[in-house]
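A quick write-up on the structure given underneath.
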Amino acid sequence: MNQARTGIVAVTLAAVAIAGASTWTLRPTSRGSVDRDGVAHPAAPAPASERMLLVFRGAEPSPTATPTLPHVAPLTGTFVAGEATVVSDDNCAPDEAGISHCSEVLRLDNGIRLSVRQPHDMMRIPCLEPGERVHLQAA
C-alpha cells in the first residue's frame, strides 16, 4: 500500500513538473482582461519570440494571418524600420466580420512614437502586448 501511494505521488509530481516546464516555453500574456474600451481580450498566448510587424503604407492591410507576422498600417508618426516597444493596445472592438482593428502605439528605439492599426481576429491572433518588443519592416 505504501509503495502504491509513493508511486502515485511520484507520477503526480512528474506531471506537475512537466506541465510547469511547458508553461515556460510560451510567454504568458496579460490578456484575458478587458481594455479601456470595455473590449474583452481572449487569453491567447503571444508568440515566445519577438514578432516582426509588416508595415503597409496607404490603405489598411488585410487581416493578420499568422501570429508571428502581424500586418499594421501607420496612423501617425514617421515609419522607420527597426526595433520598437509596444506602449499601448486599444480600440479592439471587432467589426461585424469578427475582425478587430486595434490601435497600437509603438516607441521606436530612437524615441519616436508611431501609432499603427492592426486588423486581426483576436480569437486566433493575439493583440500586441504593452511592453512587447517588435521588429518593424516595410511590407
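Descriptive notes on the structure:
- Taking the Cα centre of the range 51-138 as reference, the dipole from Cβ charges on Lys and Arg (+1) and Asp and Glu (-1) amounts to some 260 debye.
- Each Cα pair under 8 Å and six or more residues apart adds its sequence gap; the mean of these over the residue count of the range 51-138 is a relative contact order of 38 percent.
- Taking amide H positions as modeled 1.01 Å from N, with prolines and chain starts lacking one, the residues under 5 Å from LEU53 and 5 or more places away or on another chain are HIS135, LEU136, GLN137.
- Between amide H atoms placed 1.01 Å from N, distances below 5 Å from SER100 occur with ASP95, HIS120, ASP121, MET122, all of them 5 or more places distant or on a separate chain.
- Karplus-based coupling profile of the range 53-67, in residue order and whole Hz: 9, 8, 9, 9, 9, x, 5, 4, x, 5, x, 4, 9, 10, x, with θ = phi - 60° in 6.51 cos²θ - 1.76 cosθ + 1.60 and x standing for Gly or Pro.
- Label-to-label distance for ALA93 and ASP121 is 2.2 nm, based on points extended 7 Å past Cα in the beta-carbon direction.
- For the range 51-138, the alpha-carbon coordinates run over 37, 26, 21 Å along the three principal axes, in decreasing order.
- Local charge for ILE99 was computed over the other residues whose Cβ lies under 13 Å away, with Lys and Arg +1 and Asp and Glu -1, and equals -2.
Each value in this text was obtained by applying a stated rule to the coordinates, not by laboratory testing. Nothing here was measured: the structure is a model prediction, and the numbers come from that model. Quick reminder, even Gly has a Cβ in these numbers, built from the backbone with ideal geometry, and neighbours come from all protein chains shown.
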